[in-house]
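Worksheet: the structure to be examined is printed underneath.
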Amino acid sequence: YVFTLDEQIGEFVLSKPQVQIPETSNIISFNEARINKYEEPMRKILLSWREGKGRSGIKFTSRYIGSMVADIHRTLLYGGVFGSPADTERPDGKLHLLYEAAPMSFIVEQAGGLSTTGEERVMEIIPQVVHQRTPVIMGSRDDVQEVIDAYAASA
């Protein structure tokens, strides 16, 4: 559900029931300044999407705000893929599993999307420590599945 503040009555009102992420999109939301540090499967997928050579054949555009909440909000409404993948400096990822990645993954999956580390579903990770970090890629079902398949093919 999406609620919007009605300033005249000072209350939030339901503005969009049953949010469903589009199955595919043309929006990527990654910190592309780090692309050369990403794992090979992720780097290849991002480059193919930017060139329009991914499964959908659609040329993707970058819309990275740098705030996971804002980026996921846009992803929920318009589709696309948000990612904070593993890289050479942060092999365990940047986002915290328990209070960043898992809650957002739950919301994305409830809206029909997928969420992965590239190798496993974020919602299936059993935390070992409270502040555990994890890579995360989430968003439109078909696009995230392409990421999952790329990681599987590289294993």
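Might you report the magnitude of the Cβ-based charge dipole of segment 75-119 about its Cα centre, with Lys and Arg at +1 and Asp and Glu at -1, to the nearest 20 debye?
Details: 2 positive and 6 negative charges, 26 e Å.
So the dipole magnitude of segment 75-119 works out to roughly 120 debye.
Sequence neighbours fewer than 8 away in the same chain don't count; with that in mind, list the lysines whose C-alpha is under 24 Å from residue 94.
Filter leaves 37, 44.
List 7, 120, 146, 40 from most exposed to least, where exposure is judged by having the fewest other Cβ atoms within 10 Å.
The fewest-first ordering by Cβ neighbours comes to 7, 40, 120, 146.
List the residues, sorted by chain then number, that are 5 or more residues from residue 62 or on another chain and whose placed amide H is less than 5 Å from its amide H.
HN-HN under 5 Å from residue 62: 28.
Let me know the Rg and Dmax you get for the chain when you use only its Cα atoms, in Å.
15.8, 56
Taken together, the values in this text are just the output of simple stated rules run on the coordinates, not laboratory data. Fair warning: this is a prediction, and the values are worked out from it, not measured in the lab. Reconstructed Cβ throughout: ideal geometry from the backbone, glycine too, with neighbour counts over all protein chains shown.
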